[in-house]
Amino acid sequence: MNTARKKISKNHTSTQNPCKLCSPLGASLVIRGISGAVPLLHGSQGCSTYIRRYLISHFKEPIDIASSNFGEDTAIFGGGANIKIALENIIAQYQPEMIGVATTCLSETIGDDVNMFIYEFLKQRKEIPTPPIVHISTPSYSGTHITGFHRANLEIVKTLAAEKTTTRKDHINVFAGMLSTADLRYLKEIFTDFDLKHMLLPDYSQTMDGTLWQQYQKIPAGGTTIDQIKDAGNASASLQMGRILNSESESAAKYLNETFDVPSYELGLPIGIKETDRLFEALEEISGKPTPQKYVEERGRLVDAYVDGHKYVNGLKAALYGEEDLVAGLASFLSEIGIVPVLCASGGESGRLESTLNEIMDKNISEKMKILEGMDFKNIEAEVESMSLELFIGNSKGYSVTRRKEIPLVRAGFPIHDRIGGQRILHVGYRGAQNLFDQIANTILDQRQKTSDIGYSYM
Ligand code: SF4
């Protein structure tokens, strides 16, 4: 249908409702997924407020993100003094096991040498016990929340992973990407069922989706432990999920492979049967064990559901948007169930979304797709104007477009701030595909009932 599968130029001068979030947000979430860790944003308070607002509205959990509190004088003379005060305060108030320092646009723009500030701070405190401090460079003007997320993983592993002393059989490192807390819990269940000890980085399944507290906790329990990260070089393999991530020149799994010779399995986000099969094949190879019967049955039920619901979804046209690896995973899943994702849009600008989708999609489907990077929702709305669509799939940021178009939205990814349970949407594995399939089929049926002149109650 459309051959213009390139980044298109914007028809307006400023970005309006970007299809991405800011880079230190991803880094902050990673830090919140490490046991005892506190995120510190080196910049103005507004950045940390904005990021807290987005994380809280999605996860419905309190989240502390410290700020080095830039003012006008700091913007001119640099934030060296501020960052040292902030680090002192965090250590005194939280007694953290790690502090992750992510930079904001302002501190990046003025060129603050954060590594030097941290070095000086540690030198001043060389007689005083001080937790590890990890610097993550996250200029938002050259990346997205996903860039910040993956960079945080890389910097944390680079800083903390200790020298290799052995190879621990049946120990794996897992870099699963920015998934929901339900996804993380399900992945851990799968690894446990394969008898694999795992270092899932980050693991915010508890810290960002915990139980009701009787008393306020400054740092919520849970998360990847510092000892697990130190031991990452001794694992027998790393799993890295995300086809766009895998094509980056640097990543945590690549670093562990190059530095400690830990074999790296590069997978897509395991969404849908094809990509989940690849995950299970990797786990069978690493563990030397067959897939547990429980997952064989989950897969079987999923295939049965595809057959049962085929007539409702086959041939539909959908617009898909979000972070690039999620778009790639969801597009692969949609093609399995016969839905054509005629628009695949992302705010990311890796330059590899189109080639990635071409790799995973059948040619007869990818030829019908328009693939756009660097998008905001104003552009997405303009693109879908001439398209005949039955469905949108993506996060809550696109809701206003779907409302104006009167086309239903199936929510997936991050952020989901107009529904309860966004953090618990299951996307991955056979069980996640089952959830998405049921959601999509039922959304279509609901829409047909609503728009029917006669009304019907039996499918
Ligand atoms: S100024 Fe930059 S770092 Fe701060 S909130 Fe905005 S995009 Fe994020």
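The values are calculated or read from the model by the stated rules, or taken from the named source; none is laboratory data. Quick caveat, the model's predicted, so the values are computed rather than measured. Please note: Cβ atoms are built from the backbone with ideal geometry, for glycine as well, and neighbour counts cover all protein chains shown. Surface accessibility is based on the protein's heavy atoms, side chains included, excluding ligands, DNA and RNA. Shrake-Rupley method; radii C 1.70, N 1.55, O 1.52, S 1.80 Å.
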Practice problem: For Ile128, indicate whether it is more than 16 Å from the ligand (Cβ to nearest atom) and in a loop (DSSP other than H, G, I, E, B). | Solution: yes
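Got a number for residues in segment 96-125 being open to solvent by 40 Å² or more (accessible area, probe 1.4 Å) and assigned to a helix (DSSP H, G or I)?
Taking segment 96-125 as the starting set, the residues that turn out to be open to solvent by 40 Å² or more (accessible area, probe 1.4 Å) are 97, 105-106, 108-111, 113, 115-116, 119-120, 122-124.
Checking which are assigned to a helix (DSSP H, G or I) leaves us with 105-106, 108-110, 115-116, 119-120, 122-124.
Within segment 96-125, residues that are open to solvent by 40 Å² or more (accessible area, probe 1.4 Å) and assigned to a helix (DSSP H, G or I) number 12.
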Quiz item: Restricting attention to segment 148-180, and to residues there that are hydroxyl-bearing (Ser, Thr, Tyr) and surrounded by fewer than 24 Cβ atoms within 10 Å (Cβ to Cβ), which single residue is nearest to Pro263 (Cα to Cα)?
Solution: Thr167
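So, restricting to strands (runs of 3 or more DSSP E) that lie completely within segment 297-411, which ones have at least 1 residues that are basic (Lys, Arg) and open to solvent by 10 Å² or more (accessible area, probe 1.4 Å)? Working first, answer last.
Working: elements: 317-321, 340-345, 370-372, 391-394, 409-411.
So the answer is 317-321, 370-372, 409-411.
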Quiz prompt | Unique residue being at pLDDT 95 or above and in a strand (DSSP E or B) when the list is Glu275, Glu266, Glu250, Glu189 | solution = Glu266
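Is it the case that Ser68 is buried (at least 22 other Cβ atoms within 10 Å of the Cβ), within 12 Å of the ligand (Cβ to nearest atom) and among the polar types (S, T, N, Q)? First the steps, then the outcome.
Values: buried (at least 22 other Cβ atoms within 10 Å of the Cβ): yes; within 12 Å of the ligand (Cβ to nearest atom): no; among the polar types (S, T, N, Q): yes.
No.
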Practice problem: Filter segment 131-146 down to residues that are within 14 Å of the ligand (Cβ to nearest atom) and either closer than 21 Å to Ala161 by Cα or assigned to a loop (DSSP other than H, G, I, E, B) (or both), then give me how many there are. | Solution: 6
Exercise. Within segment 25-45, identify whether any single residue is open to solvent by 70 Å² or more (accessible area, probe 1.4 Å), within 15 Å of the ligand (Cβ to nearest atom), in the same structural domain as Glu120 (by TED's automatic domain parsing) and farther than 24 Å from Ile156 by Cβ, and answer yes or no.
Key: yes
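Checking the structure you have, find out if any residue of segment 142-160 is at pLDDT 95 or above, of a type in the set (Val, Ile, Thr) and more than 24 Å from the chain's Cα centre (by Cα).
no
Yes or no: Leu87 within 14 Å of the ligand (Cβ to nearest atom), part of a helix (DSSP H, G or I) and either buried (at least 21 other Cβ atoms within 10 Å of the Cβ) or not assigned by TED's automatic domain parsing to the domain that holds Ile226 (or both)? Steps first, please.
Working: within 14 Å of the ligand (Cβ to nearest atom): no; part of a helix (DSSP H, G or I): yes; either buried (at least 21 other Cβ atoms within 10 Å of the Cβ) or not assigned by TED's automatic domain parsing to the domain that holds Ile226 (or both): yes.
Against the criterion (within 14 Å of the ligand (Cβ to nearest atom), part of a helix (DSSP H, G or I) and either buried (at least 21 other Cβ atoms within 10 Å of the Cβ) or not assigned by TED's automatic domain parsing to the domain that holds Ile226 (or both)), Leu87 does not qualify.
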Exercise. Evaluate the following for Tyr204: is it farther than 26 Å from Val38 by Cβ, in contact with a helix residue (DSSP H, G or I) (Cβ under 7 Å, 6 or more places away or on another chain) and open to solvent by less than 60 Å² (accessible area, probe 1.4 Å)?
Key: no
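Mind listing whichever residues of segment 392-421 are within 30 Å of Val296 (Cβ to Cβ) and touching a strand residue (DSSP E or B) at 6+ places or on another chain (Cβ under 8 Å)? Even if it seems obvious, please write down each step before you answer.
Here is the first cut: in segment 392-421, the ones within 30 Å of Val296 (Cβ to Cβ) are 393, 410-413, 421.
Ile393, Val410, Arg411, Ala412, Gly413 - these are the residues of segment 392-421 that are within 30 Å of Val296 (Cβ to Cβ) and touching a strand residue (DSSP E or B) at 6+ places or on another chain (Cβ under 8 Å).
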Quiz item: Taking interchain pairs and intrachain pairs at least six residues apart, which have beta carbon atoms under 6 angstrom, with the first residue in segment 339-352 and assigned by TED's automatic domain parsing to the domain that holds Ser388 and the second aromatic (Phe, Trp, Tyr)?
Solution: Ala345/Tyr321
